[in-house]
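The values are calculated or read from the model by the stated rules, or taken from the named source; none is laboratory data. Since this is a predicted model, take the numbers as computed values, not measurements. Don't worry about glycine lacking a Cβ; one is built from the backbone with ideal geometry, like all the others, and counts go over all protein chains shown. Note: accessible area is taken over every heavy atom of the protein model, side chains too, but ligands, DNA and RNA are not part of it. Shrake-Rupley method; radii C 1.70, N 1.55, O 1.52, S 1.80 Å.
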Amino acid sequence: MTTTYAVLSEGMEKSYGEVHALRGLDLAVPEGTVCGLLGPNGAGKTTAVRILTTLTAPTGGRALVAGHDVTRDPAAVRRAIGVTGQYASVDGDLTGRENLRLFARLAGLRGRAGRARADELLERFGLGEAADRMASTWSGGMKRRLDLAAGLVTRPRVLFLDEPTTGLDPAAREQIWTAVRELVEKGSEGTSVLLTTQYLEEADRLAGEIVVVDRGRVAATGSPAGLKARIGARAEVTVAERGALARAAAVLDQLTGGRPALDEERLSVGVTVLDGALTLPRIIRELDTAGVPVTDATLRPPTLDEVFLRLTQARSVDAGEDADAPADFDADAAAADQEYAA
């Protein structure tokens, strides 16, 4: 069975003068899935999304969105996508219903068709009761749901979500996650989602596939569970006395072949466990056989945060957003981007 891709890029490159934001980025997002695009600040995520949404042109490679080449047919790409940015784009001086009707008109849905689509989305996202209140009176979570609804007015085949729950409380974040899951799992419109986020829990909860980007290239790709398995679980043992630390470390070394790390202050020993068959009861039995007095023992899978840090070497950039391109990048490149996006 042939896989059809919502997003496909091969060797995608983008340079701003001497700055290489993307260095041959390959993406393959099957239709009907949620793909999480993760990476530290400056990794190239924002540049990649700008290219895929036709806001800037690549300087090398190629990219297809909904089957359309972003360079050769950007207009067709724009007709096939929806974009929800990091910050809500709704107008607080309009009601929720008026906001969606405005987006419908801008998308070419006029008259009865536009009004019907607005009403449908308001109900779908649980906003019907507040639909005729000014959006400025809505909570942050409601505004983000309205913003997500606005991105779906045209029934896009591909939806780009950039930091969709930034600044929201846990309850509001859960509402957005539920809406996104239903969009892909239960929706009949065949929408695929490319999600960029700094919340690792968000990617873990929503994305079936995760692509970790670092230094303009793909550092790793796989399911959340697969990426976690790649770096192994973590075993930690706390002993009753300092003299038992070395014996505990020897047992863990023999069981895992790893390099146990001792914490003399906490009287604990920790080690990475790559063997998925190793269980906590076996660890405890071996420690007991060796006469190690144990007060606590845990064996837990890694968090996606730990995977992220391991794969990207905890790389960071001081800028608040992706520093893909310098603020003073070549003016000719900026002008070309503006002409391309137009």
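Of the residues Ala290, Ala325, Ala297, only one is touching a strand residue (DSSP E or B) at 6+ places or on another chain (Cβ under 6 Å), modelled with pLDDT of 90 or more and surrounded by 13 or more Cβ atoms within 10 Å (Cβ to Cβ); which? Spell out the reasoning first.
Working: Ala290 fails: touching a strand residue (DSSP E or B) at 6+ places or on another chain (Cβ under 6 Å); Ala325 fails: modelled with pLDDT of 90 or more.
Only one candidate passes the filter, namely Ala297.
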Which one of the conditions (1) crowded, with 16+ Cβ neighbours inside 10 Å; (2) aliphatic (A, V, I, L, M); (3) out of contact with any Asp or Glu (no Cβ under 9 Å at 6 or more places or on another chain); (4) at pLDDT below 95 does Val49 fail to meet, given that it meets all the rest?
(3)
Hand me the list of strands (runs of 3 or more DSSP E) wholly inside the range 148-253 holding 2 or more residues that are at pLDDT 85 or above, open to solvent by 20 Å² or more (accessible area, probe 1.4 Å) and hydroxyl-bearing (Ser, Thr, Tyr).
none
Would you check which residues across the range 268-287 are surrounded by 19 or more Cβ atoms within 10 Å (Cβ to Cβ) and more than 29 Å from Leu227 (Cβ to Cβ) and list them?
Leu287
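Take the conditions of a type in the set (Phe, Trp, Tyr) and either at positive phi or touching a Lys or Arg at 6+ places or on another chain (Cβ under 9 Å) (or both) and apply them to Phe125. Does it pass?
Values: of a type in the set (Phe, Trp, Tyr): yes; either at positive phi or touching a Lys or Arg at 6+ places or on another chain (Cβ under 9 Å) (or both): yes.
Yes.
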So which residues in the range 254-287 are under 13 Å from Thr298 (Cβ atoms) and part of a helix (DSSP H, G or I), if there are any at all?
Leu280, Pro281, Ile283, Ile284, Leu287
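Would you check if there is a residue in the range 66-73 being assigned to a strand (DSSP E or B) and surrounded by fewer than 18 Cβ atoms within 10 Å (Cβ to Cβ)? First the steps, then the outcome.
Residues of the range 66-73 assigned to a strand (DSSP E or B): 68-69.
Checking which are surrounded by fewer than 18 Cβ atoms within 10 Å (Cβ to Cβ) leaves us with 69.
So far as the range 66-73 goes, yes, one or more of its residues are assigned to a strand (DSSP E or B) and surrounded by fewer than 18 Cβ atoms within 10 Å (Cβ to Cβ).
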Within the range 82-122, which residues are open to solvent by 40 Å² or more (accessible area, probe 1.4 Å), in contact (Cβ under 8 Å) with a residue 24 or more places away in the chain and either more than 12 Å from Thr154 (Cα to Cα) or assigned to a helix (DSSP H, G or I) (or both)?
Gln86, Tyr87, Ala88, Ser89, Asp91, Asp93, Leu94, Arg97, Phe103
Does at least one position in the range 203-213 carry a residue that is touching a helix residue (DSSP H, G or I) at 6+ places or on another chain (Cβ under 6 Å), among the basic types (Lys, Arg) and under 30 Å from Gly60 (Cα atoms)?
no
Can you find even one residue in the range 135-143 that is part of a loop (DSSP other than H, G, I, E, B), surrounded by 14 or more Cβ atoms within 10 Å (Cβ to Cβ) and without any contact (Cβ under 8 Å) to a residue 24 or more places away in the chain?
no
Selection from the range 1-36 of residues that are in contact (Cβ under 8 Å) with a residue 24 or more places away in the chain and either in contact with a His (Cβ under 8 Å, 6 or more places away or on another chain) or not in a strand (DSSP E or B) (or both)
Thr3, Thr4, Glu13, Lys14, Gly17, Glu31, Gly32, Thr33
